[in-house]
Amino acid sequence: MMNAHSSRREFLAAVAAAAATVNLPGSLSASQSNHPGIRFGYTAMTWGKAERQAIDDISAVGFQGIQFRNDALKEFRPTELRDLLQQHKLTFVALSSGDVSIDPAHESDQIAEHTAHAKFVHDAGGLYLQILDQLKPYPRTVTPEECKRLGRILTEVGKRTADLGVPLGYHNHLNTLSEKPGNLDIVLEASDPKYVKLELDTAHSLAGGGNPVAEIEKYRDRLLFLHLKDVVDIPMSTEGAKYPFKFVELGRGKVDLPAIFSALDRIKYRGWAVVELDRVPDKTTTPKESALISKNYLEKTIGASV
């Protein structure tokens, strides 16, 4: 009978073999990729607060870019982060700037906070600022006026970040005003497309009742970048479950990723697709191993060149 240690050794060997295979002569090069023009990054959040380890591992796995949460502002000086990423040949794709509230009492402070975050991105050589809101109390019915107000606030933030050369991407997300696809439509309609783009998350779209393939095509002109994310259903009786699902490595859930890439090809998307995994779904797997699983799926099943 196979013990836990031998099972883990076999898992690591299989992952390593898969990673090595994609670098062999005859494997896809960037120019041979089935999805040219798409560049792949990975979020540091899987590593929790260990951003420096995330940089090492994401670079070692072979992703081209990285996304951070705003904890990075406490960990790094902008120039330090810029130099560190250059050493690891990683592009700073985006900073998750945090939440924005529709409460008028907080508007000026929020604009100042997110503008400061955009300044950090600019000084660190990054590209984009990601922002979302938070639905409190949750769950509850969201009104169209709330969505319109959010759209107006996002526009004001986006104007400031644009002045710094940092485009703003609104992140559709569960537990936000845009959880339901109809509300996302209202938020985007109420915001200025010059200053507010869409950072589309495939798993959050699907779990919220949306259709990420249709949203890619509908918002083709507003796509700033994407979160490639997968999700699987679980019983609510599962220990620690807050939702009837959990996020998993690419190809292990119910998001139709081949259809996602077909839609991206149809609209001739050229930009960043960042793989996101909140935490490893299996405690016996490391964040680096999870990243290898998703990379292998992208290269072997999707035909992408990571």
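Overview of values
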{"quantity": "Cα-projected label distance for residue 145 with residue 270, points at 7 Å along beta-carbon direction, nm", "calculated": "4.5"}
{"quantity": "Net charge of neighbours whose Cβ lies under 11 Å from the Cβ of residue 264, counting Lys and Arg as +1 and Asp and Glu as -1", "calculated": "+2"}
{"quantity": "Neighbourhood charge, 13 Å Cβ-Cβ cut-off, centred on residue 246 and excluding it, Lys, Arg +1 and Asp, Glu -1", "calculated": "0"}
{"quantity": "Percentage relative contact order, the range 32-302, counting C-alpha pairs under 8 Å, at least six apart", "calculated": "19"}
{"quantity": "Potential lengthening between residue 234 and residue 49 on full extension [0.36 nm per residue; Cα-Cα distance subtracted]", "calculated": "63.9 nm"}
{"quantity": "Degrees, to the nearest 10: 287-297 long Cα axis against longest axis of the chain", "calculated": "80"}
{"quantity": "Residue-wise HN-Hα coupling along the range 86-97, computed from phi with Karplus coefficients 6.51, -1.76, 1.60 (Hz; x: Gly, Pro)", "calculated": "4, 4, 9, 6, 10, 8, 7, 6, 7, 10, 6, 7"}
{"quantity": "Sequence of 191, 305, 97 once ranked by neighbouring C-beta atoms within 10 Å, starting from the fewest", "calculated": "305, 191, 97"}
{"quantity": "Distance (nanometres) between label positions extended 7 Å along Cα→Cβ at residue 159 and residue 301", "calculated": "4.5"}
{"quantity": "Ratio of Rg to Rh over the chain (Cα coordinates, Kirkwood Rh, two decimals)", "calculated": "0.96"}
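FYI, it's all coordinate maths here, none of it is from the lab. Quick caveat: nothing in here was measured; it's all calculated off a predicted structure. FYI the Cβ positions are ideal-geometry reconstructions off the backbone, even for glycines, and counts take in every protein chain you see.
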